[in-house]
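Report on the structure given below.
Bear in mind these aren't lab numbers, they're just calculated from the coordinates by the rules spelled out. Quick caveat: nothing in here was measured; it's all calculated off a predicted structure. In this analysis, Cβ positions are derived from the backbone assuming ideal geometry, glycine residues included, and neighbour counts consider all displayed protein chains.
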Amino acid sequence: MAAVLESLLREEVSVAAAVRWIARSAQSSEDDPGEAAALSSLRPLRKEFVPFLLNFLREQSSRVLPQGPPTPAKAPGSSAALPGRPGGPPRGGRGARSQLFPPTESSSAAAAEAPSARRGGRRRGPGPGRERGGRGPGGLEEGVGGESQLWPGGRRSRGSGSPGSPSLVRSDPPNLSNLEEFPPVGSVPPGPAGTKPSRRINPTPVSEERSLSKPKTCFTSPPINCVPSSQPSVPDTSPWGHGLPPGCRSLQEEREMLRKERSKQLQQSPSTTCATSELGPPLPSWTGNLTAESADPARVSSRQRLELIALVYSSCIAENLVPNLFLELFFVLQLLTARRMVATKDGDLEPSPGAPDSLESPLFQSVHDCVFFAVQVLEHQFQVLSYLDKGTLKLLAENERLLCFSPALQGRLRAAYEGSVAKVSLAMPPSAQAVSFQPETDNRANFSSDRAFHTFKKQRDVFFEVLREWEDRHEEPGWDFEKGLGSRIRAMMGQLSAACSHSHFVRLFQKQLLQMCQSPGGTGGTVLGEAPDVLSMLGADKLGRLRRLQERLVAPQSSGGPCPPPTFPGCQGFFRDFILSASSFQFNQHLMDSLSLKIRELNSLALPQPEPSDEDGESDVDWQGERRQFAMVLLSLRLLAKFLGFVAFLPYRGPEPPPTRELQDSILALRSQVPPALDVRALLQQGLRARRAVLTVPWLVEFLSLADHIVPLLDYYRSIFTVLLHLHRSLVLSKESEGEMCFLNKLLLLAVLGWLFQIPTVPEDLFFLEEGQLDALEVDTVASELGLDGMPVVDQHLLYTCCPYIGELRKLLASWVSGSSGRSGGFVRKITPTTTTGLGAQPPRTSQGLQAQLAQAFFHNQPPSLRRTVEFVAERIGSNCVKHIKATLVADLVSQAESLLQEQLVTQGQDGGDPAQLLEILCSQLCPHGAQALTQGREFCQKKSPGAVRALLPEETPAAVLSSAENIAVGLATEKACTWLSANITALIRREVKAAVSRTLRAQGPEAAARGERRGCSRACEHHAPLPSHLISEIKDVLSLAVGPRDPEEGVSPDHLEQLLGQLGQTLQCRQFLCPPAEQHLAKCSVDLASLLVADHIPVLGPPSPRGLERGQARRLLHVLLSLWKDDFQVPVPLQLLLSPRNVGLLADTRPREWDLLLFLLRELVEKGLMGRTEIEDCLGSLRDAQWPKDFSEELATLFHLFLAEPHRPEPQLRACELVQTNRGTVLAQS
Amino acid sequence: MILTKAQYDEIAQCLVSVPPTRQSLRKLKQRFPSQSQATLLSIFSQEYQKHIKRTHAKHHTSEAIESYYQRYLNGVGRNGAAPVLLELANEVDYAPSLMARIILERFLQEHEETPPSKSVINSMLRDPSQIPDGVLANQVYQCIVNDCCYGPLVDCIKHAIGHEHEVLLRDMLLEKNLSFLDEDQLRAKGYDKTPDFILQVPVAVEGHIIHWIESKASFGDECSHQAYLHDQFWSYWNRFGPGLVIYWYGFIQELDCNRERGILLKACFPTDIVTLCHSVA
């Protein structure tokens, strides 16, 4: 490979030809024959050129960026050549992953039969270390990442001390647990490692260097031993989705720390090292010392060589020959911001001006070289840079080195900055609430049984309880999801027996997921339960807003370097852990079904249609909405796909690939039988065909990012990767022809694909090995149609939201400015979308027949908003129509059913017969009326749709267009409503009638009579009457006083009694607060009170009348009561209780007994028609059955006779009765 | 009437082993003249109920029941007109109405062939005239009218108070022109959990958005509030978002700690209500 570079340097081959040669296997006619000849001899090596170049650059830069190559590319050639690499003890950082690209020696063979070759390459780098790099538990999403800056470079595991210089490489293998290799304290470590003493205690220039730019540490790998145990919360089975271990940083440093630890504690376990390292990489505490070497264009050595390589490199980037565009930019910016050259110890690293045009001498001999090279590349990449966010542009434009080396570029950047509107804002996360209860899907009718309904009711509550607890506690140290919530979650899942309940729960789960996590920054704590944003609209929560802003600014940043592993940040962590803790097969299956369905639905959502080419201001306004909608859909899809990937690959997930080829083959054989959870390949192909890659690919990448190690080897997924690689290659940013994808759309796809190619589970060599097959594969896009890809649907906001790691560029530049390695973490924040509006409803698919075709044609030449409006109106009116029919026609039928049922009950006696039979009879009478629903539905749609369309379309819409739109809306709405109605109206009527029947039958109970006919209060009533509760309470007090026991001084004043009865009258007249049970109790209490009056049992307050109430007073009170009973009570008054043995028995206790009041009362009852004579006679008759003292029985018999003997005009007898009131014997005497 | 935890504790302290009679209530009112009677009664009732819940089991052992019944029989044997049952209840520190139930149940077991059903017993407690034994009927009646924490009358009063406050709240909402759905309407629509009122358009109370209002005609102490949170308020939150709870008889100040989370407590109808302004048309 070096030969190619050499021939370039010798100018035997032009750069353009070389790049063409790399990009395409076939020689193009443009090639100079001489060049072709020079290159063709190197043909077998063609594929290896790019990896070679990248690794070459990384290696060359290692002296500038001494803490291991900062970017995860390492030359296979050079490192493979190093002694002692393969088969050495586990070397954490230096597994196969430590190379971006696999060793060359296998690559030509690998091209032919990739899997085996790859496996071989992989096995060489034993798993644990490299897996650690990728997926340490307690990763970024656990919120630890903030301080420790877990740069994900670990995935590309580079030993920290492997900057290509052989001496350092040799010291690299870090078997930390090997005591011999790491002798205890004090002993000087042998070899070059000794040149790096503890950085914290005694900083040497070297250590200063490495601390300068923190990002450099990101590519180092964590020590192998630092494996999961440090984060107990992670279930062993799935190290997935967890970010890097907190201790992820340079091995050198780990060694230093380990040594220090050992000095204190001899038997230190490796995990302790890990724990220690959680403190994060040392913060630069000596920032003052960090003055960077100034770079001077005049001191650049071998300009020409640098220019040439920069050109080749830039061309590779431009042709998408590098796997990750942003990673290369990051590398270049690192070169730009390199502080100083490492002091070299070996003479061979001295600049050797004698051989400037060969590869013998180092490429970067000074910081000046680095900066020069970087600026050269940046000049070529200006177009990409100009699309970065405003903040990055500003930092670039303000970079003094850049100004110094290329004032022209600086000028262009400044202009780009000034013209940029791509401010990526610190929007507040949308405040999520609980998923609201929707009767249409959540009420009883949607469940198979009452039990299922109630179980789900409880589950909803448990789910949110768990969620709230997680919110409160997940950031507490030592809190563990599984320990804290696991058993509760499983208990809840255990109740989900019926399949239907699972689907309900899954719907809730998925909705809540979308609500809370749509924004990538769905940062747990602040989202749930937060005052909704509408508050700030109301101006009521400024303080809260400020507080939240503050929280955000001080919150640890959770970005993980330019290519972080897939994580579940913020609230997503809850949902991931929930799935893990639930460990329910049924739940996972239902969840996959539901996620797949939703993904399909959203993926096929009709998004912005191509506008007519003449863009004016109006359509620009529309585009705001289109973009927002696209962003919403895209973000939702990504989230759903990520979780689908998580659940779908969960059973296969393991920390490392299968150890042997045989095992792997058998796994492959098994797995290839399993159909994919969602046919993503078909969706991808559809997406490409329909030119909707910009929508489909980002979510597909999320899905694939959670695949396990085997997935990329399965034929099905291999073919997907092949397509993606092809797509990646085709997204050449500089091509801007008609029908090309928009620039930012391309940039988004390049960013996500580049990221995907860096995922640990994606074979590192895949990117280069698949290349050979690319030419064969052509995706037949329907080029004529301009799909989403050609629409400017992506803006910087969305780009940064989807790919927060692009923000690392800005962070890197900012750290250069601040010299503090971005420790404050304040500049690059997560980006969250500003809107929370729901996803648009899917338009009805009703296209049948010529009319439908005409309608389609009509829309074709209209702005897309017209179509959306019509579809929206139709959808809503159709739905409203159904609701309207329910509320009118069905409700009428139900009330008819009720009255029919009443008749039935009257004719057939109280229980009316078998309810099921009744229902059948009613339905057979009523269901035929359902046919009216269609007519009424049609009328409704006809009436309502046009107005809605008119209101929503621009005033200026031409009359013909308007009326067509109205008609189409009417048609669609009618179709929707009638389709539903004709299919469901009978069932609906049945259901409602059934509910009414059971309601009516239930109402036949004893309560029914009490409900009777009720009067309200009079119109003038101001509802100032005493409250019923107060009256019951007062009367109860009187009763308790009367019944006793009471203190001697206790009693009731007659005035109070009169007042009380007066109040009772008022209360009964004002019905405002009166409910039937209260009225019933009042009635009963009033009867009890009357009995006590009759028996003279009310203790009267004060000395004048120690006996009791005067007879006259008592009679007056009884009169009041009688009139209340007659006129004011609306519930039946239990008057027969007046003659119950218990109440009559009260008389037995009084001496002398006085019967006159009772007789008076009985007569009045008859007089007022409150009780019939016979009724009273019956009561009196039954009284005689009770056991009484003999004299009482006799008196009672006398009373009975007296009452019977009375004529129907009782007034004169009353007087007669009064004559004898003092003598108990007189009543009897009169008989 | 919002009390601090300390104020509340002071009141609760005075209520230890106080029988639920009108005399006790009177003394309580004298002891805390500055507190509203309704609040005091509510606290008293709740404290007493807690006490009964704690001691309930020991009164329902068969030994205890037998011993109470014998004491009752002996008592009424000596003098049927004396408040035997009431005094027994006070003596053993149990609610009179509940004691009446125990004795009635025991009595019916002895006199009927089949054990009495719950509904029969409830009906007899509501209307002691149905009790076949006149003396027992009087004793039971006396217990019921003298019990201010338990019994059918007290239940009815509590129910009435709850209803009245809902009506009051409804009037206030109507007066403020806030449209709402009430519990019955919600139930008819098939909601599984229904607060008293759901606002059709949310409003902000003291800067907090609320979607629903629940009326509680009682004092909000820790115990009842936790139970309500678990059974009702969070469930409402889970379905309808943040909301307002009005404890008409006050609550312990410290319990109003979920405002940020979406559960706001008030002791009266709020005055600081901000409604959504309709955008300039």
Take every Cα-Cα distance within segment B:125-252, group them into 5 Å bins from 0 onward, and report for each bin the whole-number percent of pairs it holds.
2, 10, 15, 18, 17, 11, 8, 7, 6, 4, 2, 1, 0
Report, in cubic angstrom per residue, the convex hull volume of the C-alpha atoms of chain B.
158 Å³
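Using a 10 Å cut-off around each Cβ of peptide B:226-232, what is the average number of partner chain Cβ atoms that fall inside?
Whole-number average of other-chain Cβ neighbours for B:226-232 is 1.
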Enclosed volume per residue, in Å³, of the convex hull spanned by Cα atoms of segment A:664-761
88 Å³
Between the modelled labels at A:A491 and A:S719 (7 Å from Cα along Cα→Cβ) the distance in nm is 4.9 nm
What spacing in nm lies between the two simple spin-label points modelled at B:K176 and A:V906, each 7 Å away from Cα in the Cβ direction?
4.6 nm
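If R₀ is 22 angstrom, what is the calculated FRET efficiency for the pair A:R689 and A:E736, using the beta carbon separation as r and rounding to 0.05?
Given R0 = 22 Å and the Cβ-Cβ separation, E is 0.50.
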Quickly rank B:89-102, A:954-967 as a protection proxy: mean count of other C-beta atoms within 10 Å, highest first.
B:89-102, A:954-967
Contact order normalised by residue count of segment B:155-275, Cα under 8 Å, 6+ apart, percent:
24 percent
Net charge within 10 Å of B:R71 by Cβ-Cβ distance, Lys/Arg positive one each and Asp/Glu negative one each, not counting B:R71 itself?
-3
Share (percent) of C-alpha pair distances in segment B:60-150 greater than 18 Å works out to 37 percent
For q = 0.21 Å⁻¹, Debye-computed log10 I/I(0) when each Cα of segment B:2-56 counts as one equal scatterer
-0.75
Once both labels are modelled 7 Å past Cα along the beta-carbon direction, what's the A:R473-B:K53 spacing in nm?
2.2 nm
Neighbour-count ranking [beta-carbon atoms within 10 angstrom, fewest first] of A:L1170, A:L321
A:L1170, A:L321
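So if R0 is 56 Å, what FRET efficiency would A:Q438 and B:K27 give, r being the distance between their Cβ atoms, rounded to the nearest 0.05?
Result of the calculation: an efficiency of 0.60.
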Mind checking the mean number of beta-carbon atoms from other chains within 10 Å of the Cβ atoms in A:463-473?
2
Over the alpha-carbon set of segment B:11-164, divide Rg by the Kirkwood Rh and report the Rg/Rh ratio to two decimals.
0.99
